[in-house]
1. Filter the stretch 181-212 down to the residues that are part of a helix (DSSP H, G or I), without any contact (Cβ under 8 Å) to a residue 60 or more places away in the chain and near the ligand (Cβ under 9 Å from one of its atoms) and list them by number.
2. Just one of the numbered conditions (1) touching a His at 6+ places or on another chain (Cβ under 9 Å); (2) at pLDDT below 95 is not true of Phe201; which one?
3. Quick one: in the stretch 61-105, of everything that is among the small types (Gly, Ala, Ser) and under 17 Å from the mean Cα position of the chain (by Cα), which residue is nearest to Ile129 (Cα to Cα)?
4. Among the residues in the stretch 65-75, are any in contact with a strand residue (DSSP E or B) (Cβ under 9 Å, 6 or more places away or on another chain), in contact (Cβ under 8 Å) with a residue 12 or more places away in the chain, open to solvent by 20 Å² or more (accessible area, probe 1.4 Å) and not in a helix (DSSP H, G or I)?
5. Taking His162 as meeting all but one of (1) open to solvent by 30 Å² or more (accessible area, probe 1.4 Å); (2) closer than 23 Å to Gln20 by Cβ; (3) more than 12 Å from the chain's Cα centre (by Cα), write down the number of the exception.
6. Could you list, in sequence order, all residues of the stretch 213-224 that are in a helix (DSSP H, G or I), touching a residue at least 24 places away in the same chain (Cβ under 8 Å) and away from the ligand (no atom under 13 Å from the Cβ)?
7. Report the residue count in the stretch 8-45 for those that are in a strand (DSSP E or B) and within 6 Å of the ligand (Cβ to nearest atom).
8. Residues of the stretch 64-98 being among the acidic types (Asp, Glu) and more than 29 Å from Lys168 (Cα to Cα), which ones?
Amino acid sequence: MKVAVVTGASSGLGKEFARQIADKEKLEEIWLIARRRENLEQLAEELPVRARVIPMDLTKEEEYAKYRAALQQADAQVMLLINCSGFGKFGRYGEVSEQDSLDMIDLNCRALVQMTLATLPYFSSGGRILQISSTSSFQPLPRLNIYAATKAFVLHYSRALHQELRPKGITVTAVCPGWMKTDFLKVAALHTGDQAVHNFFFVTNPQKVVAKALRDSAKGKGISMYGVGNHIHRVAAKLLPHKLIMRVWELSQQ
Ligand SMILES: NC(=O)c1ccc[n+]([C@@H]2O[C@H](COP(=O)([O-])OP(=O)(O)OC[C@H]3O[C@@H](n4cnc5c(N)ncnc54)[C@H](OP(=O)(O)O)[C@@H]3O)[C@@H](O)[C@H]2O)c1
């Protein structure tokens, strides 16, 4: 059975990916993964393709058993894996709790790798993986120090995996969005407040980011970015000292 798997499908980017692949890709089933079952069920009803709801907390090791079993029982041929589950917390080192700090690493890095490794045996030539990184991966970022570091991990892991899987005809695209209008901003400010990060530049709609990411993935690109501002950001981060970029960023948040 030809399936696509989308994590973080209960809101924001993941939900939008599910909607667009249901229209654009030839799939027999879309598997929707996140913690909030009701949100996933609502989305499943709305999609024009059959959808399977798999409620999972991706930071809990024991929850992967049901995902592995589903892949096996369905004799799945995974055409697309889109890893969107992730969160950030605004704040300097003492402002973000130890628990939030570790949870960010667990979800953004560990769970993304675990989903990728669990799914890879069900891919064949033509399969595509999209990993959600961020423009924050381009340089270290004070006030989002752990989040930005997790996204640098995603970017580097995904680019290396893209190279390794190329001979098998499987592509891996690291999607690097800038600020988007999703619940991310609300979750990032929850408990830590919005003082540390409060000026947002080049905020885009997830629809445009997703459409561009799917086009780039279909072309076999290793990185996808939407918007001129984000392209300039990436070039600047390659050419300028990161110390300077971090200083400019801090000034932008005064
Ligand atoms: N919005 C931005 O400005 C922005 C910019 C760059 C990159 N990103 C990245 O884009 C991705 C999607 O974020 P978004 O903007 O769409 O934010 P969002 O609307 O808050 O979506 C985050 C998703 O992650 C899921 N999630 C959170 N904890 C989870 C857990 N323990 N297990 C399973 N799923 C979990 C949430 O579902 P449940 O709560 O139902 O579990 C939700 O579906 C993230 O990786 C984020 O880092 C966002």
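1. Restricting attention to the stretch 181-212, the residues satisfying the condition of being part of a helix (DSSP H, G or I) are 184-189, 206-212.
Filter once more, so that each one left must be without any contact (Cβ under 8 Å) to a residue 60 or more places away in the chain: 185-186, 208, 212.
Across the stretch 181-212, the qualifying residues are Leu185, Lys186.
2. So the condition that Phe201 fails would be (1).
3. Ser85
4. Filtering the stretch 65-75 for residues in contact with a strand residue (DSSP E or B) (Cβ under 9 Å, 6 or more places away or on another chain) gives 66-67, 70-71, 74.
From what's left, in contact (Cβ under 8 Å) with a residue 12 or more places away in the chain: 66-67, 70-71, 74.
Filter once more, so that each one left must be open to solvent by 20 Å² or more (accessible area, probe 1.4 Å): 66.
Imposing the further condition that a residue be not in a helix (DSSP H, G or I) reduces the set to none.
No, there is no match, as no residue in the stretch 65-75 is in contact with a strand residue (DSSP E or B) (Cβ under 9 Å, 6 or more places away or on another chain), in contact (Cβ under 8 Å) with a residue 12 or more places away in the chain, open to solvent by 20 Å² or more (accessible area, probe 1.4 Å) and not in a helix (DSSP H, G or I).
5. All conditions are met except number (1).
6. Keep residues of the stretch 213-224 that are in a helix (DSSP H, G or I), which gives 213-218.
Cutting the leftovers down to touching a residue at least 24 places away in the same chain (Cβ under 8 Å) gives us 213-214, 216-218.
Of everything in the stretch 213-224, those that are in a helix (DSSP H, G or I), touching a residue at least 24 places away in the same chain (Cβ under 8 Å) and away from the ligand (no atom under 13 Å from the Cβ) turn out to be Leu214, Asp216, Ser217, Ala218.
7. Residues in the stretch 8-45 being in a strand (DSSP E or B) and within 6 Å of the ligand (Cβ to nearest atom): 1 in total.
8. Taking the stretch 64-98 as the starting set, the residues that turn out to be among the acidic types (Asp, Glu) are 75, 95, 98.
Glu95, Glu98 - these are the residues of the stretch 64-98 that are among the acidic types (Asp, Glu) and more than 29 Å from Lys168 (Cα to Cα).
The values are calculated or read from the model by the stated rules, or taken from the named source; none is laboratory data. Note that the coordinates shown come from a computational prediction; the quantities given were computed from them, not determined experimentally. Backbone-built Cβ (ideal geometry, glycine too); neighbour counts: all protein chains shown. Accessible surface is based on the protein model in full, side chains and every heavy atom, while ligands, DNA and RNA are left aside. Shrake-Rupley method; radii C 1.70, N 1.55, O 1.52, S 1.80 Å.
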